[in-house]
1. Pairs only if they're at least six apart or on different chains, beta carbon under 8 angstrom, first in the range 1-19 and in contact (Cβ under 8 Å) with a residue 60 or more places away in the chain, second of a type in the set (Asp, Glu); list them, first residue then second.
2. State all residues of the range 1-38 that are of a type in the set (Asp, Glu), within 14 Å of the chain's Cα centre (by Cα) and assigned to a helix (DSSP H, G or I); if no residue qualifies, say none.
Amino acid sequence: MEPTGVYYEALAMHLSKLGMEVHVVPANRVRDFARYEGYKTKTDI
């Protein structure tokens, strides 16, 4: 998930307590990965 202020923290903790693996990735890393994969916008995925 992408961190947005403090709003992601409760969801990340809840999912983690349910046994799910949670990754918090900064927006610029997501954007750079998408660019590397050839996606031009979020709606291209």
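The values are calculated or read from the model by the stated rules, or taken from the named source; none is laboratory data. Everything numeric in this text was worked out from a predicted model, so none of it was measured. Methodologically, a virtual Cβ is constructed for each residue, glycine included, from the backbone with ideal geometry; neighbour enumeration extends over all protein chains shown. Quick note on the areas: whole protein, heavy atoms, side chains included, nothing else; ligands and nucleic acids left out. Shrake-Rupley method; radii C 1.70, N 1.55, O 1.52, S 1.80 Å.
1. none
2. We begin by selecting, within the range 1-38, every residue of a type in the set (Asp, Glu); these are 2, 9, 21, 32, 37.
This time we only want the ones that are within 14 Å of the chain's Cα centre (by Cα), so: 2, 9, 21, 32.
Scanning the range 1-38 gives 9, 32.
This table checks each residue for (1) open to solvent by less than 100 Å² (accessible area, probe 1.4 Å); (2) among the acidic types (Asp, Glu).
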| residue | (1), (2) |
| --- | --- |
| 1 | yes, no |
| 4 | yes, no |
| 12 | yes, no |
| 17 | no, no |
| 20 | no, no |
| 28 | yes, no |
| 33 | no, no |
| 37 | yes, yes |
| 40 | no, no |
